[in-house]
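Structure first, then comments.
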Amino acid sequence: MSSDPTIVPARRSGKGDPEADEAVYAALHAAILEGRIAAGTKLAETPLAEAFGVSRERIRKVLHRLVAERRLEAVPNRGVRVPQPTLDDVRAIYQAHRVLEAGVLRELAEKLDDRLLGELRMHVGQEQRAAMERDRAASVRLSGAFHLRIADALGNAQLSAMLRDLLTRSSIMVSVYESIAESFCGVQEHGAIVEALARHDVERAIALSGDHFRLVEARLQLRPQPPKVDVARLFGPIGEAGGEEPVRS
Ligand SMILES: [Zn+2]
């Protein structure tokens, strides 16, 4: 489980600037989300600008956006880095999510109808497909969306907002700590929660949801970190950037 509540789809406006921003954003976002950059790694403007073949201003803009989305964190006087949540942070976020979802499932069981059940099953089917196709980005996005779908079904904007916030933070942890192979384990767990709801066995659904969060948390803690690499070497010049001038330094 994890999430992507904040992804903004790439624009195709035909104008050069937004497309170049989106290309840089998409490359960095994917690298963070897919866990290719070790936790705590500093992202400096100049080497990234050189790697992408764009200006430092453009890199700065994209880094600010990723900070605003909490994909990256700004450290006073030290620039921007990939977050490095502690195990205590991980524990706190998953406990909060587990407690919240237990309440959500209890409420949801009261109003689960065939239409919603069908939607949830379809969602789990999409997750299974993404897992089979080893589409890591889709898996991460869909697994977060599963938990949002459950919460959104209650129609409570406050609850949905709280959950989105938790998911944004847990998605960072997943991308920082969870390995690619392990990220495909959660689909059956989501499916089991849905099937328990379908049988009107709310206690079982809550127990499965609790187990799910404990498993996700345990999986996170086991992951060896990717080696610290020269981040800029992960990226190459962006193609049809449309008139962007390379960095001068
Ligand atoms: Zn999940």
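Kindly indicate the residue of the stretch 170-199 that is within 15 Å of the ligand (Cβ to nearest atom) and polar (S, T, N, Q) and also modelled with the lowest pLDDT among those meeting that condition.
Among those that are within 15 Å of the ligand (Cβ to nearest atom) and polar (S, T, N, Q), it is SER183.
What are the pairs with Cβ atoms under 9 angstrom where one residue, in the stretch 118-143, is over 13 Å from SER171 (Cα atoms) and the other, located anywhere, is not in a helix (DSSP H, G or I)? Sequence gap at least six, or different chains.
Pairs that qualify, where the first residue is over 13 Å from SER171 (Cα atoms) and the partner is not in a helix (DSSP H, G or I), are GLU119/ALA153; LEU120/LEU112; LEU120/ALA153; ARG129/ASP135; ALA131/CYS185; ARG134/ILE180.
Could you say which residue among LEU63, LEU33 is at pLDDT 95 or above and either β-branched (Val, Ile, Thr) or within 20 Å of the chain's Cα centre (by Cα) (or both)? Step through it out loud before you land on a result.
Numbers: LEU33 fails: at pLDDT 95 or above.
Among LEU63, LEU33, only LEU63 is at pLDDT 95 or above and either β-branched (Val, Ile, Thr) or within 20 Å of the chain's Cα centre (by Cα) (or both).
Determine which single condition LYS61 fails, assuming it passes every other condition in (1) surrounded by fewer than 17 Cβ atoms within 10 Å (Cβ to Cβ); (2) touching a Leu at 6+ places or on another chain (Cβ under 9 Å); (3) among the basic types (Lys, Arg).
The one condition LYS61 does not meet is (2).
Between residues in the stretch 205-220 that are without any contact (Cβ under 8 Å) to a residue 24 or more places away in the chain and residues that are away from the ligand (no atom under 12 Å from the Cβ) and not hydroxyl-bearing (Ser, Thr, Tyr), which pairs lie under 7 Å by C-beta distance while being six or more apart or on different chains?
LEU208/ALA196
Every residue in the stretch 123-148 that is surrounded by 18 or more Cβ atoms within 10 Å (Cβ to Cβ), closer than 19 Å to LEU208 by Cα and not aliphatic (A, V, I, L, M), please.
Once the filter is applied, which keeps residues that are surrounded by 18 or more Cβ atoms within 10 Å (Cβ to Cβ), closer than 19 Å to LEU208 by Cα and not aliphatic (A, V, I, L, M), the stretch 123-148 yields HIS123, GLU127, SER143, GLY144, PHE146, HIS147.
The values are calculated or read from the model by the stated rules, or taken from the named source; none is laboratory data. Keep in mind it's a predicted model, so treat the numbers as computed, not measured. We place every Cβ from the backbone using ideal geometry, glycine too, and count neighbours over all the protein chains shown.
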